[in-house]
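Asks: Here it is, the structure, as C-alpha cells.
The values are calculated or read from the model by the stated rules, or taken from the named source; none is laboratory data. Here the structure is a predicted model, which means the values were calculated and not measured. We place every Cβ from the backbone using ideal geometry, glycine too, and count neighbours over all the protein chains shown. Just the protein is used for accessible areas: all its heavy atoms, side chains included, with ligands, DNA and RNA removed. Shrake-Rupley method; radii C 1.70, N 1.55, O 1.52, S 1.80 Å.
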Amino acid sequence: MRDIRYHPLVDCDSEGTEKIPMFPTGDEDTVRKTCGIYLREVIPKYYRLCAVRSISDETAQSYTIHCPYCGRAMTQISPPGDNRRLGLYCCPDCK
C-alpha cells in the first residue's frame, strides 16, 4: 500500500492560471492550512485537484496544472466531483 501524497500548488504567472506543484507531503492538514488548492495523488501519476474553498467549474477549467514530475501541462481526464474535489488529471508523458 502506498501513502497518499499532497502537492501544494502555486501560481507561476501573473494571471494565476498556471499552477505548478511544490514538494509533496503526506500531511493534508498542513497543505490545507498553507495553500488554497492542491493535488491529491492516491494512485501514482494520477492527481485529483482539490480546493480548500469552493471553486466554480469555469474557474477550475481556466487553470493549467503542471505535472509534479516533468513539469509539462497535464490533461483533465474526468470531471469534477463537486466544487472542492475538482477534476482528475494525468500527465500524457509520465503515465
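Asks: Note down the relative contact order for region 1-81 as a percent, whole number, built from C-alpha pairs under 8 angstrom at least six residues apart.
Replies: With pairs under 8 Å counted, the relative contact order is 29 percent.
Asks: Between Asp57, Asp29, Asp11, find the one with the highest GNM mean-square fluctuation for the chain; connect C-alpha pairs within less than 10 Å.
Replies: Evaluated over the chain, the most mobile residue of the options is Asp29.
Asks: Compute the signed sum of charges (Lys and Arg +1, Asp and Glu -1) over the other residues within less than 11 Å, Cβ to Cβ, of Thr75.
Replies: Taking every other residue near Thr75 into account, the sum is +1.
Asks: Okay, next question. Residues of region 40-63 with amide nitrogen under 16 Å from the 7 Å Cα-to-Cβ point of Cys94?
Replies: 40-50
Asks: Using +1 on the beta carbon of Lys and Arg, -1 on that of Asp and Glu, and nothing else charged, what's the dipole of region 46-95 about the Cα centre, debye to 20?
Replies: The calculated dipole for region 46-95 is roughly 160 debye.
Asks: While we're on this one: Among Arg53, Arg40, Arg85, whose mean-square fluctuation peaks in a Gaussian network model of the chain (Cα, cutoff 10 Å)?
Replies: Greatest mean-square fluctuation among the candidates belongs to Arg53.
Asks: Now for a separate question. Using the Cα centre of region 8-75 as origin and beta-carbon charges of +1 (Lys, Arg) and -1 (Asp, Glu), tell me which of Ile55, Pro8, Tyr69 is placed farthest towards the positive end of the dipole.
Replies: Tyr69
Asks: About its Cα centre, what dipole magnitude does region 1-81 give when the only charges are +1 on Lys and Arg Cβ and -1 on Asp and Glu Cβ, stated in debye to the nearest 20?
Replies: Charge dipole, region 1-81, about its Cα centre: 300 debye, nearest 20.
Asks: Where does the charge balance sit around Glu28 when Lys and Arg score +1, Asp and Glu -1, over other residues with C-beta under 13 Å from its C-beta?
Replies: Here the charged neighbours net out to +3.
Asks: Can you give the charge dipole size of region 9-49 about its Cα centre, rounded to the nearest 20 debye, using +1 on the beta carbon of Lys and Arg and -1 on the beta carbon of Asp and Glu?
Replies: So the magnitude is around 200 debye.
Asks: Averaged per residue, what accessible area in Å² does the chain show with a 1.4 Å probe, protein chains only?
Replies: 59 Å²
Asks: Follow-up question, since we're still on this one. For the chain, with all protein chains present and a 1.4 Å probe, just round the carbon and sulfur fraction of the accessible area to a whole percent.
Replies: Roughly 50 percent, rounded to a whole number.
Asks: Kindly give Rg over Rh for the chain, based on alpha-carbon atoms, with the Kirkwood expression for the hydrodynamic radius.
Replies: So for the chain, dividing Rg by the Kirkwood Rh gives 0.92.
Asks: Let me ask something else about it. So how much slack lies between Ser14 and Val42, counting 0.36 nm per residue of separation and subtracting their Cα-Cα distance, in nm?
Replies: Here the segment from Ser14 to Val42 would lengthen by 7.1 nm.
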